[in-house]
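Each remark here refers to the structure printed beneath this line.
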Amino acid sequence: MTETGELPEPSQTAGAPARAIERGAPLATMDALREDVHTLGDLVGQVVREQAGDRIFGLVEEVRLAAIAAREGDTPDDTRERALLEWAERQTTADLTQVVRAFTVYFHLINVAEQHHRVRRLHEREQIGLPLPESLAAAVQALREQGTSEARLAALLPALRVHPVFTAHPSEVRRATLLEHLERCAALLAEHGTFKGNPPRRRAIHDALRSAITLVWQTAETRTERPSVLDEVHSVVRVLAGTVYDVAPAVQRALEAAIQTDTPAVTRAPEAIPFLQLGSWVGGDRDGNPFVTPEVTVASARL
């Protein structure tokens, strides 16, 4: 799991990033992402050896190299793909389960690396001082460039409403425990890149990252039992008390900063635009779910 191949660089959107590049502003390179991927891949390999043994690690490497070979060139190699499928048919279910588990952990962590790289690039672009594409600042700037007056902008803001509604059918099927371990890996990966000039600290972070990856390996991917209605409520509460609680004030402040001008009417406007409103019908829906009883709805409201 130490060779990762080439990863496509995220496409650059028009607007501020393009202008930043023209001005020669430094942006996080793909080398930084490749270094993160290599580090994570190496650690996953170590964890697989430790947790599943050298034989399973050998099978994982065999699959990885065969898959790379089958995908080399402009078109897939059907002969090599068939050989890989035939190889899989000769393996035991127990061994294939371990191999799939190894690649699942690996790709979870590659997603963490890509998300971290995106944040790294966004932070660097913010330092340039230009609005980020698709941000609130960019939207306000676009309105002004299109001729929207400050008075018109001030009149529009009180009508702004963003109303996310959380449902009982989330696309996120991973367990909360696994998500917590992956969040820990993301935090450690960010630290790992920060302390490049401090080898002892970097080694300590490296060891902590390996421990976190071990926990990812040891954590079941999904629930063994169907979640109850109150389990779904708890999942929504986790998002509200975590991500939303952290992000919502930042979004509000971002809008306030974007509309600040020397015009008195607009300067006063931020106090009157609490535009984010949250909703959820988890535990209170009446669409025929027999498990949503009046007692469950009361318990959901209390939660």
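The values are calculated or read from the model by the stated rules, or taken from the named source; none is laboratory data. Treat the numbers as computed from the prediction; the structure is a model and nothing was measured. Methodologically, a virtual Cβ is constructed for each residue, glycine included, from the backbone with ideal geometry; neighbour enumeration extends over all protein chains shown. Ligands, DNA and RNA are stripped out before the accessible areas are found, and what is left, the full protein with its side chains, is counted by its heavy atoms. Shrake-Rupley method; radii C 1.70, N 1.55, O 1.52, S 1.80 Å.
Condition first: assigned to a helix (DSSP H, G or I), among the charged types (D, E, K, R) and exposed (fewer than 15 other Cβ atoms within 10 Å of the Cβ). Now tell me which residues in the stretch 56-94 satisfy that.
Selection gives Glu62, Asp78, Arg82, Glu86, Glu89, Arg90.
Which condition number in (1) of a type outside the set (Lys, Arg); (2) modelled with pLDDT under 90; (3) open to solvent by 70 Å² or more (accessible area, probe 1.4 Å) is the one that Leu122 fails?
All conditions pass for Leu122, except number (3).
Might you let me know whether the stretch 107-115 holds any residue that is within 18 Å of Leu65 (Cα to Cα) and not in a helix (DSSP H, G or I)?
Scanning the stretch 107-115, I find no residue that is within 18 Å of Leu65 (Cα to Cα) and not in a helix (DSSP H, G or I), so the answer is no.
Among the listed residues Leu178, Leu136, Leu182, which satisfies the condition of being of a type in the set (A, V, I, L, M) and within 14 Å of Leu40 (Cα to Cα)?
Leu182
Residues of the stretch 143-161 being open to solvent by less than 60 Å² (accessible area, probe 1.4 Å), touching a residue at least 40 places away in the same chain (Cβ under 8 Å) and over 15 Å from Arg253 (Cα atoms), which ones?
Answer for the stretch 143-161, where residues must be open to solvent by less than 60 Å² (accessible area, probe 1.4 Å), touching a residue at least 40 places away in the same chain (Cβ under 8 Å) and over 15 Å from Arg253 (Cα atoms): Glu150, Leu153, Ala154.
Which one of Val140, Val105 is under 28 Å from the mean Cα position of the chain (by Cα), touching a residue at least 40 places away in the same chain (Cβ under 8 Å), closer than 24 Å to Val37 by Cα and open to solvent by less than 40 Å² (accessible area, probe 1.4 Å)?
Selected residue: Val105, the only one of Val140, Val105 that is under 28 Å from the mean Cα position of the chain (by Cα), touching a residue at least 40 places away in the same chain (Cβ under 8 Å), closer than 24 Å to Val37 by Cα and open to solvent by less than 40 Å² (accessible area, probe 1.4 Å).
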